[in-house]
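Please read the structure below before turning to the comments.
The values are calculated or read from the model by the stated rules, or taken from the named source; none is laboratory data. Just so it is clear, the model here is predicted, and its values are computed rather than measured. Glycine gets a Cβ as well: all are built from the backbone with ideal geometry, and neighbour counts include every protein chain shown. With ligands, DNA and RNA removed, areas are computed over all heavy atoms of the protein, side chains included. Shrake-Rupley method; radii C 1.70, N 1.55, O 1.52, S 1.80 Å.
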Amino acid sequence: MRLVAAALAGLALFAAASFAATSGAPRIGGCPVFPASDAWNRDVSRDPVDPRSAEYVRSIGAGVRLHPDFGSGRYGNYGLPITVTASKTTARGVHFTDYGDESDKGPYPIPASARVEGGSDRHVIVVQRGRCKLYELFGARRSAGRWEAASGAIFDLRRPRPRPAGWTSADAAGLPIMPGLARPDEASSGAIRHALRFTAPRTQRAYVAPARHAAGASDDRSLPPMGLRLRLKASFSLRAYHGQSRTILAALKRYGMILADNGSPFYISGAADRRWNDADIEQLKRVPASAFEALRSGSLHRYPG
């Protein structure tokens, strides 16, 4: 009986630990978006500042302001659409045109109706219910009745694994895209429990964790590496902000934002979703670059971009 009791107690502790690892994580389609302990979901409000913080912020865009690269679609095609599909969606192969050697072979359960991001990047993001898998494509399009893309990656939302060192994904930094998107359901709830994705015009030929790939062409160490995390300073007051914008800014204080691609300075990424209040998120454009600081992220990995 003592052995049985001990075994049951052990199972209870294991279950409690498993629940604790996922209960605080963000969710989508009935699935956790990685465990609460994952880098995207980690509280970094007390992490140390990088000695090069001022250089990094200045090189990304001195004098610029934060910019929400998403919206309701009322004033333009901004943001990355997320498609949630059923667990029984048929999975098929994807033809990779550029980075097949660094892409997950699949198959990918991407329906023909999946939404494609506007603009040149043409990302496709699909979450499969039940199986809790994330499928992402870069440079995607339908051709002859099937999907083709420049690159693709698959992530297990319950048990994530980093991509091989030096590999890209559907994003330049070798990271998943969806976990770093601001979503209006979260912003309206009053709590976003994860870091956000952002872009910078120039990056150095290096990356830091959690990134796995570099995309810059310069060895200038004042430029940010892929994977660099910026945090909104604790001293920055949120009193003048409200609604969805205030929730986003609170998340940037607690979880920060992770550099994932080359692009416009201080553009943060979000889902393309009609539930965004466009007038509300315009408040974000008042936040200056100087309100951010770069966090110490560990060793630089110098791989070719």
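Compute log10 of I(q)/I(0) for the chain with the Debye formula, placing one identical point scatterer on every Cα and leaving out solvent, at q = 0.16 Å⁻¹, to two decimals.
For the requested q values the scattering log ratios are -1.35.
Add -39500 (n - 2.57) for each DSSP H run of 4 or more in the chain, then divide by its residues: what number comes out at 222 nm, to the nearest 500 deg cm²/dmol? Walk me through the numbers on the way to the answer.
Values: 5 runs with 53 residues, N = 305.
So the calculated ellipticity at 222 nm is -5000 deg cm²/dmol.
Could you put His95, His67, His213 in order of accessible surface area, largest first, with the 1.4 Å probe and the full protein assembly present?
Working: His95 75, His67 45, His213 25 Å².
In descending accessible area the options line up as His95, His67, His213.
Report the Cα-based extents of region 197-305 along its three principal axes, largest first, to the nearest Å.
Ordered largest first, region 197-305 gives principal extents of 42, 31, 19 Å.
Residue by residue through region 153-165, which ³J(HN,Hα) values in whole Hz follow from phi under the Karplus form 6.51 cos²θ - 1.76 cosθ + 1.60 (θ = phi - 60°), with glycine and proline marked x?
Ordered by residue, 3J(HN,Hα) equals 8, 10, 10, 8, 6, 8, 9, x, 10, x, 6, x, 4 Hz.
Which stretch or stretches of region 129-166 have amide N atoms under 13 Å from the point lying 7 Å from Val84's Cα along the Cα→Cβ direction?
129-133
Could you state the per residue volume, in Å³, of the convex hull enclosing the Cα atoms of region 120-257?
Working: hull volume 20.4 nm³, N = 138.
Residue-normalised Cα hull volume stands at 148 Å³.
Considering only C-alpha atoms, what is the centroid distance from region 21-98 to region 235-305, in Å?
Using only Cα atoms to place each centre, the spacing works out to 10 Å.
Given points 7 Å out from each Cα along the Cα-Cβ axis, report the Ser222 to Arg142 separation in nanometres with one decimal.
Simple spin-label model gives 4.9 nm for this pair.
Roll a 1.4 Å probe over the protein heavy atoms and report the accessible area of Ile82 in Å², nearest 10.
Accessible area, nearest 10 Å²: 40 Å².
Among the aspartates and glutamates, which have Cα under 12 Å from the Cα of Lys285 when same-chain residues fewer than 8 positions away are ignored?
Asp69
By a straight-distance test (C-alpha under 27 Å), which lysines pair with Lys88 as possible cross-link partners, with residues fewer than eight away in the same chain excluded?
Correct list for Lys88: Lys105, Lys133.
May I ask you to list the residues of region 135-169 whose amide nitrogen lies under 20 Å from a point 7 Å from Cα along the Cα→beta-carbon direction of Arg122?
It comes to 135-154, 168-169, nothing else.
With charges only on Cβ, +1 for K and R and -1 for D and E, what is the dipole size of the chain about its Cα centre, in debye, rounded to 20? Numbers along the way, then the final one.
On the way: 43 positive and 26 negative charges, 131 e Å.
Approximately 620 debye in magnitude.
Ignoring ligands, DNA and RNA, how do Phe266, Phe96 rank by accessible area with a 1.4 Å probe, largest first? Please report the intermediate quantities before stating the final value.
Values: Phe266 0, Phe96 35 Å².
Largest to smallest exposure gives the sequence Phe96, Phe266.
With each pseudo-label sitting 7 Å past Cα toward Cβ, what's the Arg65-Lys105 distance in nm, one decimal?
It works out to 5.1 nm between the two label points.
Rounding to the nearest 20 debye, state how big the charge dipole of region 137-194 is about its Cα centre with +1 on each Lys and Arg Cβ and -1 on each Asp and Glu Cβ.
On the way: 9 positive and 5 negative charges, 40 e Å.
With Lys and Arg at +1 and Asp and Glu at -1, about 200 debye.
List the relative contact order of region 168-305 as a percent without decimals, with contacts defined as Cα pairs under 8 Å and 6+ residues apart. The partial results should precede the final answer.
Working: 304 pairs, mean separation 49.2, N = 138.
Computed value for region 168-305: 36 percent relative contact order.
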